[in-house]
1. For segment 9-63, which residues satisfy the criterion of being under 22 Å from the mean Cα position of the chain (by Cα), within 17 Å of VAL82 (Cα to Cα) and not in a loop (DSSP other than H, G, I, E, B)?
2. Going by the conditions given, is VAL80 at pLDDT 90 or above and either among the hydroxyl-bearing types (Ser, Thr, Tyr) or in a helix (DSSP H, G or I) (or both)?
3. Among the residues of segment 159-172, write down those that are free of Cβ contacts under 8 Å to residues at least 12 places away in the same chain and either open to solvent by less than 70 Å² (accessible area, probe 1.4 Å) or of a type in the set (Val, Ile, Thr) (or both).
4. Sort through LYS96, LYS45 and tell me the only one that's modelled with pLDDT of 90 or more and over 14 Å from PHE11 (Cβ atoms).
5. Looking only at residues that are open to solvent by 90 Å² or more (accessible area, probe 1.4 Å) and part of a loop (DSSP other than H, G, I, E, B) in segment 131-158, which one is nearest to VAL82 (Cα to Cα)?
6. Among (1) in contact with a Gly (Cβ under 8 Å, 6 or more places away or on another chain); (2) in contact (Cβ under 8 Å) with a residue 40 or more places away in the chain; (3) over 19 Å from GLY165 (Cβ atoms); (4) open to solvent by less than 70 Å² (accessible area, probe 1.4 Å), there is one condition MET76 misses while meeting the rest; what is its number?
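The values are calculated or read from the model by the stated rules, or taken from the named source; none is laboratory data. Everything numeric here is computed off the predicted structure, so don't read it as measured data. No Cβ is skipped: glycine too gets one built from the backbone with ideal geometry, and neighbour counts run over all protein chains shown. Remember, those area values only see protein heavy atoms, side chains included, never the ligands or the DNA or RNA. Shrake-Rupley method; radii C 1.70, N 1.55, O 1.52, S 1.80 Å.
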Amino acid sequence: MSRIGNKAINFGSGVTITVSPSNVVTVKGPKGSLTQQVDPDISIKVGEGVVNVARPTEQKRHKAMHGLYRSLIANMIEGVSVGFKKELELVGVGYKASVAQDRLLELSLGHSHSILFEVPSELSFSAETLKGKNPVVTLEGIDKQLIGQIAAKIRSLRKVEPYKGKGVRFVGESIRRKAGKTAAK
């Protein structure tokens, strides 16, 4: 029994949801619109302020898709109505982030060169450096999957090392630290 798939999705008055005959779900809201192709076996019923996702059988494949598409549609509704935001913190001496041009993010992460990272046009981003604090890169948009993917790519440019804790991490992320070598007697 899929607990997530059986849960109904509630949405506000500013959001409109349409399902085409070819099972393409389109969600429009105040922040924009998103579309998602849904497997033909999964049925989607849009009611008055409620969306229900149903599966035809109890097969393992149908159970897996049931919860998946329910979560994807719920994320689309939240994205077009509220939006998503991820913040990355650059921890390390000399680590910097700045907006180079309109779609380019310039990162100095301890390499011999600066890294220019192109951010997709669907996302808005900013780089902020306050005195005495680590630089923070903020990504905002309506597509949760795209924000997570871009944040993971930026994070992979300099992963957090466990000894000093230097690298790119999510704000509020806890890192498991390791003890270094101890001095010999």
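1. Scanning segment 9-63 gives ILE9, ASN10, ILE17, THR26, VAL27, LYS28, GLY29, GLY32, SER33, LEU34, THR35.
2. yes
3. Across segment 159-172, the qualifying residue is only GLU161.
4. Among LYS96, LYS45, only LYS96 is modelled with pLDDT of 90 or more and over 14 Å from PHE11 (Cβ atoms).
5. Ranking the qualifying residues of segment 131-158, first place goes to LYS133.
6. Unmet for MET76, out of (1) in contact with a Gly (Cβ under 8 Å, 6 or more places away or on another chain); (2) in contact (Cβ under 8 Å) with a residue 40 or more places away in the chain; (3) over 19 Å from GLY165 (Cβ atoms); (4) open to solvent by less than 70 Å² (accessible area, probe 1.4 Å): (1).
Residue-wise test of (1) among the small types (Gly, Ala, Ser); (2) on the phi > 0 side of the Ramachandran plot; (3) open to solvent by less than 80 Å² (accessible area, probe 1.4 Å).
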{"position": "GLY14", "(1), (2), (3)": "yes, no, yes"}
{"position": "GLY32", "(1), (2), (3)": "yes, yes, yes"}
{"position": "GLN36", "(1), (2), (3)": "no, no, yes"}
{"position": "ASN52", "(1), (2), (3)": "no, no, yes"}
{"position": "VAL82", "(1), (2), (3)": "no, no, no"}
